[in-house]
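Have a look at the structure below, then the notes.
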Amino acid sequence: MKYLFLLFCAFTIGCNNEKPPDNNTNDPSVVEIKENRKPVIGLVNAYRLQNGLNALQEAQTLNTVTNDYANLMASRNALSHQLNGTPESRLKKYEYTWAWFGENIAYGQNNPEDVMASWENSPPHKKNMLDPRATELGYTCCEGKNGRYHCLILAKPK
């Protein structure tokens, strides 16, 4: 009977097809500011159109990548492109293959207009938003104990 129980346990564990959770944080105080997504995406697209470029399509995979990373930054109270590896490694984790991508991050802006203004006034961020190779994007804002963290990825898939 003991061997049957062990065999059952091994079978049950081995057949679990669920991926382990990878939220990058166990901090329950971090919350996604969902109402910011559509306005920021709209502002990015309006900015591109004003500069003679195409509007970008929202990509769920990129939203997932940005959600994980904004959540991580908020939980660690740190603004960096390399808290858990590189932007490339985060895209690979979700099996997103790209021909081009750019990542914009920001901290402290409380509304979509302020985060857009900060990116428009930063040459590297502005360059990413106005890159003609971009065809899609993902964005997330997460709020932690010390403020709001923003992550935007613009990309062209392969």
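Here are some notes:
- Being of a type in the set (D, E), within 28 Å of G52 (Cα to Cα), open to solvent by 10 Å² or more (accessible area, probe 1.4 Å) and assigned to a strand (DSSP E or B) is true of E103.
Rundown of residues vs (1) touching a strand residue (DSSP E or B) at 6+ places or on another chain (Cβ under 7 Å); (2) in contact (Cβ under 8 Å) with a residue 12 or more places away in the chain; (3) open to solvent by less than 70 Å² (accessible area, probe 1.4 Å); (4) not hydroxyl-bearing (S, T, Y), yes/no style:
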{"position": "D114", "(1), (2), (3), (4)": "no, no, no, yes"}
{"position": "E120", "(1), (2), (3), (4)": "no, yes, yes, yes"}
{"position": "D131", "(1), (2), (3), (4)": "yes, yes, yes, yes"}
{"position": "E136", "(1), (2), (3), (4)": "yes, yes, yes, yes"}
{"position": "C142", "(1), (2), (3), (4)": "yes, yes, yes, yes"}
{"position": "N146", "(1), (2), (3), (4)": "no, yes, no, yes"}
{"position": "K156", "(1), (2), (3), (4)": "yes, yes, no, yes"}
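- Among residues of the stretch 58-86, those that are small (G, A, S), part of a loop (DSSP other than H, G, I, E, B) and within 25 Å of G42 (Cβ to Cβ), counted: 1
- Within the stretch 61-90, residues that are more than 17 Å from F101 (Cβ to Cβ) reach partners that are of a type in the set (D, E) and open to solvent by less than 50 Å² (accessible area, probe 1.4 Å) with beta carbons closer than 8 Å, at six or more positions or on different chains, in the pairs A74/D27; S75/D27.
- In the stretch 110-158, the residues that are assigned to a strand (DSSP E or B) and aliphatic (A, V, I, L, M): L137, L152, I153, L154, A155
The values are calculated or read from the model by the stated rules, or taken from the named source; none is laboratory data. Just so you know, these numbers come straight off a predicted model, no measurement behind them. Don't worry about glycine lacking a Cβ; one is built from the backbone with ideal geometry, like all the others, and counts go over all protein chains shown. Accessible surface is based on the protein model in full, side chains and every heavy atom, while ligands, DNA and RNA are left aside. Shrake-Rupley method; radii C 1.70, N 1.55, O 1.52, S 1.80 Å.
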